[in-house]
1. Any residue in the range B:196-212 that is at positive phi sitting within a Cβ distance under 9 Å of a residue that is surrounded by 15 or more Cβ atoms within 10 Å (Cβ to Cβ)? List the pairs, counting only those 6 or more apart or interchain.
2. I need every pair where a residue in the range A:117-128 that is assigned by TED's automatic domain parsing to the domain that holds A:Pro91 has its Cβ under 6 Å from the Cβ of a residue that is aromatic (Phe, Trp, Tyr), sequence separation at least 6 or different chains.
3. What number of residues within the range A:56-107 are assigned to a strand (DSSP E or B) and within 10 Å of chain B (Cβ to nearest Cβ)?
4. Would you check which residues across the range B:181-237 are under 16 Å from the mean Cα position of the chain (by Cα), under 19 Å from B:Phe100 (Cβ atoms) and not β-branched (Val, Ile, Thr) and list them?
5. Sort out which residues of the range B:17-35 are without any contact (Cβ under 8 Å) to a residue 24 or more places away in the chain, within 14 Å of chain A (Cβ to nearest Cβ) and within 19 Å of the chain's Cα centre (by Cα), and write them in order of number.
6. Any idea which of (1) under 28 Å from the mean Cα position of the chain (by Cα); (2) within 14 Å of chain B (Cβ to nearest Cβ) is the one A:Glu119 doesn't satisfy?
7. Mind listing just one residue for me: the one in the range A:172-197 that is buried (at least 17 other Cβ atoms within 10 Å of the Cβ) and charged (D, E, K, R) and, of those, nearest to A:His309 (Cα to Cα)?
8. Hand me the list of helices (runs of 4 or more DSSP H) wholly inside the range B:162-235 holding 2 or more residues that are exposed (fewer than 14 other Cβ atoms within 10 Å of the Cβ).
Amino acid sequence: MSITVTDLRKNYGQLEAIRGISFAVKRGEIVGFLGPNGAGKTTTMKIITCFMPPTSGEVKVEEMDTVEHSLEVRRKIGYLPEMNPLYLDMPVLEYLEYSASLHRLAGQAAQQRIAHMVEVCGLATVRRRDIGELSKGFRQRVGLAQAMLHDPDVLILDEPTSGLDPNQIVEIRSLIRELGTAKTVILSTHILSEVQATCDRVLIINEGVIVADGTPDELQHRFQGDERLTVELRVPPPITFDGVMVRLRDLPDFQGATLQSHAGGVLTFDLQTGHGTDLRESVFRLAVAENWVLLGMSRQTTSLEEVFHKLTT
Amino acid sequence: MNLQNVLPVFRREIRSYFNSPVAYVVMIVFLAIIGWFFSSNLFLQNMATMRVVFELVPLVFLFFIPAVTMRLLAEEKKSGTLELLTTKPVADVEIILGKFLAGWALVAATLVPTLVFLITLMILGSPDVGPVLAGYAGLLLMGGVYVAIGLLSSSLTENQIVAFIVGFLIIFVLYMLDKVLIYIPSAFASTFEFLAIDTHFSNIARGVIDSRDVIYFASLLGFSLMLATVSLERRKW
């Protein structure tokens, strides 16, 4: 089920929460919304799920407009809102039955789906307990079970892993991955590793506009700046950093070096090189030729964190 | 609108009333208050009548109905479950209707035990059953209007206390309109009297079910539910 968002805008009074967002999601894709708090991720999701209409622009879920065909669209969508609101006074099974009946699932069909979701989401041990008694991890699973109960084609998950411990995060991610193969999934997060772990594609949203769109690798590549090589050298006493610099200048594509520390004859410095150059081998050969002792060397490329930081500040 | 969508909302609210102490506490307190006033004068008066019940219940409803309806929407707004509910394939008017019917059903359920008084009277004497049944019909209609107003005020806020106070105030005004007739210019008196809920209730409680009174209740009820639906749709503005 494809989703097409065209020039979406939403104003809350004077505040422009989103200012012209357009993108398309293909069937079977897992797309991650990434952005700082207040960037417009949740607002965009609330519009896609028909909670509220946009100020202007439109969202189409498989050619159906979210405003005109609201009920039909809602039938196709499973939604896990931010903060995962649940009826705390209801037992898990009863809550799932309630959700099923809102989707007009009844009788045998409903029981089968519920049993399936209880199994997939690992709720068997807590199914008769009140939701209010459950830990955050279990509540999140109840939220996911509720969202996927009616086997929707589209899953919208607003920060599905917030507040979970690291083990639970891994579990929920693999659950999303597993289920995401057959469905169109949009999830939001501000945890970057989450996007790398689960999403086929990333949309970075900042101040109500999309600032980047691509696979995690693509983004890393596209926004990759110059590379940095951190080198640790032991040089014989008379030689100083300046002496080393003289020889380094001869290296191909050398753009500069900054000294980090100089203690006990050990020099630590950063080498700046052009995009896509790998100086490690040349540095090694130079060290051998000069009889310097190479203690360490590491190459740093731009991480998704840095891309994110660059785009959203 | 589809009854299939109203039913799950209705069922959940009913369960929530009866799975918690709310329904039972309310029913017991209600029965105790009405029972006290019913029985204390019964033998002094020596008349097989339920007049005192029909005088007292509207007053008790004034406090009791806003108290049981205040959470219907305010609580869901506050906890965020309303967002979940309104993104399910259920129309706003179906949500309002399901919740209204649940509140109304609770009101009806609290009236059922008071039939004990009627049975008592039937054992002790021979009451005129017709006006009593009409009185119950009137109480149900009035309770329906109160529930609709309570639901409306619950839809306006996410604070249950505010919902209670607003609901109480609206109902209080409707209730008091015909009690202040001596203080207002005579030109408005008939209007006030017509708008007052007690005028129409006492007409029915006398045993005369007039279409004018029924229409009054039905339109007030419908109007409140309509406003509640509009208020729920406010998120879309």
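The values are calculated or read from the model by the stated rules, or taken from the named source; none is laboratory data. Quantities reported herein were computed from a predicted structural model and do not represent experimental measurements. Here Cβ is always computed from backbone atoms with ideal geometry, including for glycine, and neighbour counts include all displayed protein chains.
1. Once the first residue is at positive phi and sits in the range B:196-212, its partners that are surrounded by 15 or more Cβ atoms within 10 Å (Cβ to Cβ) give B:Gly207/B:Pro131; B:Gly207/B:Val132; B:Gly207/B:Ala134; B:Gly207/B:Gly135.
2. A:Val126/A:Phe138
3. Looking only at that region, the number is 5.
4. Correct list: B:Tyr216, B:Phe217, B:Ala218, B:Ser219, B:Leu220, B:Leu221, B:Gly222, B:Phe223, B:Ser224, B:Leu225, B:Ala228.
5. The answer is B:Phe18, and nothing else.
6. (2)
7. A:Glu194
8. Ranges flagged: B:186-195, B:211-232.
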